[in-house]
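Read the figures in this text as sums done on the coordinates, not as results from a lab. Here the structure is a predicted model, which means the values were calculated and not measured.
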Amino acid sequence: MAHALYLRGEYGRSLGMAENALIMKQGSYPISELFLHLAASMACMSLKDIDAAKAHFGAAWGIARPDGLIELIGEHHGLLQGLIEACLKTQYPDDFARIIEITYRFSYGWRRIHNPDSGEDVADDLTTTEFTMAMLACRGWTNAEIARHMEVSPGTVKNRLSGVYAKLGIGTRAELVAHMLR
């Protein structure tokens, strides 16, 4: 239910649903808890509450890593809006590389099922970092906000987004939104 609320854009309700389920749980249910923390992370990112998003992602990572459940994290890459890069790239480079490999494999299959008529393979054209920055830009994040979240300079964000525009054959953020969110 938390995921469905997220997909409808009801981020506050999604977060509340996930956090209440986590608080009320009785016993240990690693896969369910992992999904709930990921849903809470996604909602927090959409609400621009980065600290809470990182806390929930950290809890999800704490469940996933010891049990080898990182497949689920890779499958949520786009929805996590840069948390994987911000939280894992430096501290867990080998795990990060495996998650990105999972992300590419998953997104390739997902697009073939859910968007078979699309002539554009955005996820094939962009790196996961470019894709993340592009999606954050589409959600109204400024270059400074993206830079702070991704722990890079605003100039790096500007350069990466310029590269995205070049790869996609577009020139403005409005065109990026139209291209990415159709």
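Lys-Lys pairs in the chain that are eight or more residues apart or on separate chains and whose Cα atoms lie under 26 Å of each other come to 8. In plain terms, the C-alpha convex hull of the chain casts an average shadow of 10.3 nm² when viewed from every direction. Please give the Cα centre distance for region 75-89 versus region 16-51, rounded to the nearest Å. So the two Cα centres are separated by 15 Å. Normalised by the number of residues in the chain, the average gap of Cα pairs under 8 Å and 6 or more apart makes the relative contact order 15 percent.
Under a Gaussian network description of the chain, with springs only between Cα atoms under 10 Å, the residue in Q26, Q91, Q81 that fluctuates furthest is Q26.
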